[in-house]
Structure formats: structure tokens, C-alpha cells
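Here is the structure we will look at, set down as C-alpha cells.
The values are calculated or read from the model by the stated rules, or taken from the named source; none is laboratory data. The structure presented is a predicted model; accordingly, all values stated were derived computationally and were not measured. All Cβ positions, glycine included, derive from the backbone under ideal geometry; neighbour counts span all protein chains shown.
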Number of protein chains: 2
Amino acid sequence: MSYQTVSRVINESANVKPSTREAVLDAISRLGFRPNRAARALAGGPVQSVTVLTADTRRHGYAAALEGIEEASRAAGFAMGVRVVESGTPSSVRDAVERAIEPAGALIVIAYDPPGIAALDAIPPGVPTAAIVETPSGNDGVGKPWVWIDDGKSARSATEYLLSLGHQTVHYLSIPIWTATRTRAVGWQSALEDAGAPVPELIQGGWGPEFGYEIGERLARDTDVTAMLCGNDDLAMGFIRAMNKAGRAVPDDVSVVGIDDTPLAPYYNPPLTTVRQDFQLLGRMCFAKLLSVLGRETDNEVPSCLGTDLVIRESAGPPKRSSRRAQSARRSAPANDVPGPDPGRHHNEKEAITTTRKENRNKTTTP
Amino acid sequence: MSYQTVSRVINESANVKPSTREAVLDAISRLGFRPNRAARALAGGPVQSVTVLTADTRRHGYAAALEGIEEASRAAGFAMGVRVVESGTPSSVRDAVERAIEPAGALIVIAYDPPGIAALDAIPPGVPTAAIVETPSGNDGVGKPWVWIDDGKSARSATEYLLSLGHQTVHYLSIPIWTATRTRAVGWQSALEDAGAPVPELIQGGWGPEFGYEIGERLARDTDVTAMLCGNDDLAMGFIRAMNKAGRAVPDDVSVVGIDDTPLAPYYNPPLTTVRQDFQLLGRMCFAKLLSVLGRETDNEVPSCLGTDLVIRESAGPPKRSSRRAQSARRSAPANDVPGPDPGRHHNEKEAITTTRKENRNKTTTP
DNA sequence: CTGAAAGCGCTTACAG
DNA sequence: CTGAAAGCGCTTACAG
């Protein structure tokens, strides 16, 4: 029973007599043997680890995706590394990529921002890679080991919901826009255009609540703003806080809808109406893509695009002081009948706390 | 110029002629040479990677610590892996530990919960390890490569602050208590005892806002509760939300103080008074401990214990309907003069948004 | 100061 | 089906 045979058993190669396989397996468990990853890697064994290249580890989408990747990779017996890429010169990005490749052999990159996109671009050919990206324009994503969330639809359905409540138009406070695709902005704008509503100027913010707060202060006295869609929940919370501070009530004076459905969204004051995006699942999908790149795909094709769901809570409602046009449109605004966290069923958080509601297509604004 | 010489240059061993060192260094940068980590590890080279064993990657303390570890490890040229340990049988924990050791050679464990504590216990001797732990009782922590936050002081200063506002006593909604030390609870209780205030029964919750919400609903009608200290900000936010839902105003009807100072705390409604605990710095300290375990310590001794700061915002104030004893104590309650996020300086978040205030020791309640 | 040697623990062809 | 051989890229003693 030589070492080579052990290797064969471990790597599940064919051509091992069942009885010797048994013997080896038995010895392995008896002795607590565990193969040395470094030696395997050196000898050219199969890749058993990923490192995730990302510009951030804390913001909702990133952290949740990381969690999903960790779960999936652990389930597959992979080790997972994390390496933060900072924005920098092309050569510093290349350096970061090299250092990420080296211990792992396979890469996942979260390409939501310039550092991430630069890192994805800098990966030398031949390195097994999967990526979480923003919605690719056109057919750019087909055939690539990429996954994304259909956030254009997120913005669209949130905008449509706000219009259906009777708002004359919907303002949009965006997360930073880097790519040419700007999917969320496009979803928002096209929803307005389809409804014949005026398209206000897009407001660019950052990722954190401080930007929402800052913009909120600036807009607090602007009564034209009755409905605000925010590019993520953090922006929405910062914005709501600024409104409250300025004495404007949410949703009575202004409706606010976020995007993401962060863990705190149901417990904000008021509970945040938002669009749920399941980044954790996205992370798992991305790892599945990587597995297929490595030639270890499961039977079924791994999907690339993940849908979203509008979650109606209490931060949006019909406009209070109706303008001329909103007035006539007010008739069928759906009642907001979801009063917040369900007391009795909090353990079953996902199901109990929120009411999910697929798109609401009642356009209430008339051209 | 043989390979051995290159190795010597890379590992900064002495005894290399300056001119050859130059030549090697030059060739390295010209050729973009990068040593293979697997081979180094195999050949018994120095450890250049850590894996972090943790039961969670998303909750504030964990995620922030992970971020700090990542930064510090990257700065030191280390690769960082993350492996989630679930609670399980001793043998499954041991297995997780083995799998974490193998690709890295060095370990950091976040031992805030049973899985983390079990993992720390299961590490075989000889494996370089540092840990983030709860405050050790007595002298248990001295000499060990452990770091912790002085959260007993967090709870104490928050309790003292609430008492100084004129509250007769302070209730405490705890995060889960696993260890015998229960530092936060002890800090709270001793602050009450020192002030001669009655000690209400401790309420045990979980980590997430849903527990705060649940307890809040249960206590909403209990007017004895005028001041609530929560074991973390998530609990505090859930609790406040339940109060508001039940028609009780914060801080007018009940004061709430959290612990942590999460990124959203300044933007909650109302902005949360809380005790800042810098887990990111704690993560960096922990990595420094690991470096010293590996014999690569910096000149200065790495500290083990990290202090905290009370951050006064708007969720706590003097009691409104004063009870007999609080009445007489009401005199010197400090005014709450921090109105929330500072509009003009939001980029400088840490400095601008909050007002930090070291312990406030005016005991206002008399025995 | 700098080569030549041996070995870290595995894997992949190659013989039997 | 299962050994013996060679090598992955480095490092650490050992000679010079």
C-alpha cells in the first residue's frame, strides 16, 4: 500500500481495487491523516481553494456575497481567502492580483467598483476565475462565468410602486455610477418614461448613509420631492434621518424606498420599504460558476442572473399634499397594510417580518 | 547566481554580498518573479498566511475585526483565509480546525461564542495562534496571545450615564451570555450597585434586532422601564422600533443606549447613544499578537485590552415622568446637546458625526 | 559569501 | 490494479 495508492484513493481516481480502497480509507480515518494542501498544489493537484478579490468586505452586497461564497466553498471542501484590492496604479492592481492567485489557484472577483473592475481586467489568461458583476449591457455576459443581480428591475419595480401610490414622479439618489451600464438608473428612468412621468435629474451619492443624509438636508425644503428612490438602504436610511431632522415626516411628507433589504431595514423607523436583493445566494451562484470553470460542474446549468422582490413596509405611502396631476391619480393607491415586524413570528425572520410583493403595475400617473 | 542565493535575498538572510543582492533584486523586479507560497510552505519556510476561524462574518464585531485582520495581514504580506466554524460535535470542530490549519500554518480565532470557544480549545499545541476573546476573568489573559475589548467598562459607563440623567435604575437587555465572565452584565450590575440603585432582573436576548424588538414589545407597557441598556446596537434599534410602534417615544418616554457604535447608529431615528468599541483596531491588535507568536514581533509590546468611549447622541435623556426617587435626583442631568450628524463635515465621519465623551461619573441616584 | 545536495508531501505519467 | 521514478519550487544545513 504505497503512497501513490493513497493518492489515488484520495483523488477518487478509478482503478483501485475496492478492498485496497477500503483499507486505505480505514487507515486514513484511523490515523487522522489529512493531505497537505501545499504539497498538493506544488505537485499540480486539483485546485482546492479560492481567493476572493474585493474592494470592500463590510457593505451589504459585498459582505453578504462573501458569506455566500464562504458557505459554498466550504461545502465543496475549498479553502477561501480574502484579499482587499485598493484602487491604485495598474501595476499595483496587477500585483494584488498576483498575490491573490498565488496561494489559491482560483479567483472570484467582486467587480462592483473601479478597483474590482480593474482587478478583473488584470487577471492573466488561464487563471480559473468567476466574477460578481453589475448587469452586463446587451449580451456581454453570455457565456462568461459571471453572475449578477437584475437591479435594473429592482429600480424599475420600486419606481412603478411609488408611481402607483399616486406620486407625480420619483426622484432618484444613486449609488456611485462607474460603468456605462448604470442599470439601476436606467430602470428608474425607463419606468418614469413608460408612465409618462417627468424625469428629474439623477442625484449621485456614495454608498454610505452619510451621503443620504447630506442629500436629504439639501432637499428637505423642496416640496417637489414627494417620492425618493435610493440606490441602497444605507442611503435611504440616511435620507430619512435627514428628513425627520428637518421636520419632514416619512412617509407622510415624503416617501422613501431603498434597494437591498439589509438586516436592519425591517427595524428602521419607519420600517423601510425596499427591494430585496439576495447577495448571499448570488455568492453561492458565483462559486458554482467557478466550479464549472474548473470543470467540476454540476449537472444543471448555473444561472447568471438573479431576480429581486419588492418588500413593502412603511416608508412609502400616497402623497399627502396632492399636486394637480397626482390628485386625479389618487384613486387606486394600494393601502399600506403591513405594519412592521410580526411580533409572534420573529424567529422565522425572512418569512415573518416582511411582506413580499411582486411588481405592482398599476400606473397611476397619466401622461 | 543560483537559486539558493535568490532564496537568501528574498528571505533577507545575512551573508549576501551587496552587489549580488542588487543583481538579484534587479532580476526579480525585471522578471516579475514572485515566490511560490506552496513551495515555500512545503520546504518549511516562514509562515506567510493566517486563517481566521469564526462563527460569523456579518455581525458588527466579527465583520469589523475581520476587516482589521485583513488590513494588518495584507500590510505584513500575509494571505488571509476565512473559515466559518459551526457549532457541532467535538470531532467536527476538530475537523474544522485541522482544515483551517492546513493551508495556512497560523490561526486567528474569534472566540465570542460556543463554536469559536470550542475551536480555540481544539487547536493542537504548536500551532501559532492568536485570539479575540471576551474579557478574561482575573489574570487568565496575561501572557496569552489574546486581545479583548473592555466591555465591562462599556456597560458600566453607559449605565452610569443613564443614572446621571436621573433614571432611578437601568434595565439591561443582554447579548447571549456564554462564558462565566459575562463582563457586560457585571459592568452594568456593579454600576447600579455602586450607585445604590435597584438591580432589575437581567434580560437575555440574542444578537439581532429581532430580539430587541421582541423584548421591546413585551416591555412596552411597563412604565418602570425608563432606561434600557442594550448589549449591542442591533438590539437597541430593534427595541426602539418596538417602543415607537407601541406609541412610546424614545428618549421622551424611555431612554435607550446601545453598545458598539455601528455605522448606522448615527443615522437611526433617533440617533443612537452608544458605546464605541473599535473592533477593527482590535483585529489589527490581534494580528500583531500573532506576529509576536511567530517571533516577528515589533519592538513595542502589543497591548491586549482595548478601551471604549461613550458616544452621546439622542436616544437617551432625562426621565419624563419622574418617580419619587428620580425626582430628587433630577437636578444635574446633563443637557443633550449633540443634535445628530454634522451636515458640513460628513466626509470626516468619525470625527464629525459624533461627540465622544469619556465616562461621566456624576452619580445622580442616591441610595 | 555562494554553490551542490537533500528533502518538504504530494501527483502524474511509466512500468510492471 | 499497484509499485518505482521524477519533479513541482522552495529552504535549510553542508561544503567550499
Query raised in the report: Given the conditions (1) touching a residue at least 12 places away in the same chain (Cβ under 8 Å); (2) within 14 Å of chain A (Cβ to nearest Cβ); (3) among the polar types (S, T, N, Q), which single one is not true for B:Ser91?
Result: (1)
Query raised in the report: Could you list, in sequence order, the residues of segment B:63-77 that are free of Cβ contacts under 8 Å to residues at least 60 places away in the same chain and more than 7 Å from chain A (Cβ to nearest Cβ)?
Result: B:Ala75, B:Gly77
Report task. Answer yes if at least one residue in segment A:21-41 is within 7 Å of DNA strand D (Cβ to nearest atom), surrounded by 14 or more Cβ atoms within 10 Å (Cβ to Cβ) and closer than 26 Å to A:Glu102 by Cβ, and no otherwise. Result -> no
Requested in this report: For A:Glu201, indicate whether it is in a helix (DSSP H, G or I), surrounded by fewer than 20 Cβ atoms within 10 Å (Cβ to Cβ), away from chain B (no Cβ under 14 Å) and free of Cβ contacts under 8 Å to residues at least 12 places away in the same chain.
Outcome: no
Query raised in the report: Does B:Ser2 meet the test of being of a type in the set (Ser, Thr, Tyr) and within 13 Å of DNA strand D (Cβ to nearest atom)?
Result: yes
Query raised in the report: Restricting to helices (runs of 4 or more DSSP H) lying wholly in segment B:1-86: which have 3 or more residues that are within 16 Å of DNA strand C (Cβ to nearest atom) and charged (D, E, K, R)?
Result: B:18-31
**Report entry** Selected residue (criterion: surrounded by the fewest Cβ atoms within 10 Å (Cβ to Cβ)) from residues of segment B:44-59 that are more than 9 Å from chain A (Cβ to nearest Cβ) and within 12 Å of DNA strand D (Cβ to nearest atom)
**Finding:** B:Gly44
Requested in this report: Could you tell me whether segment A:76-87 includes any residue that is at pLDDT below 95, of a type in the set (Phe, Trp, Tyr) and either out of contact with any His (no Cβ under 8 Å at 6 or more places or on another chain) or closer than 27 Å to A:Arg182 by Cα (or both)?
Outcome: yes
Query raised in the report: If you check B:Gly247 against the conditions, is it away from chain A (no Cβ under 12 Å) and more than 16 Å from B:Pro176 (Cβ to Cβ)?
Result: yes
Report task. Return yes or no: is A:Ala104 within 25 Å of A:Leu281 (Cβ to Cβ), under 27 Å from the mean Cα position of the chain (by Cα) and modelled with pLDDT of 90 or more? Result -> no
Query raised in the report: Among the residues of segment B:204-219, is any surrounded by fewer than 21 Cβ atoms within 10 Å (Cβ to Cβ) and away from every other protein chain (no Cβ under 14 Å)?
Result: yes
Query raised in the report: Out of A:Leu282, A:Leu272, which single residue is in contact with a Gly (Cβ under 7 Å, 6 or more places away or on another chain) and more than 13 Å from chain B (Cβ to nearest Cβ)?
Result: A:Leu282
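Suppose the filter is of a type in the set (D, E, K, R) and either within 16 Å of DNA strand D (Cβ to nearest atom) or surrounded by fewer than 18 Cβ atoms within 10 Å (Cβ to Cβ) (or both); does A:Arg94 pass it? Explain how you work it out, then say what you get.
Details: of a type in the set (D, E, K, R): yes; either within 16 Å of DNA strand D (Cβ to nearest atom) or surrounded by fewer than 18 Cβ atoms within 10 Å (Cβ to Cβ) (or both): no.
No; evaluated as a whole, the condition is false for this residue.
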Requested in this report: Answer yes or no as to whether A:Ala195 is outside the structural domain of A:Thr262 (by TED's automatic domain parsing) and more than 16 Å from the chain's Cα centre (by Cα).
Outcome: no
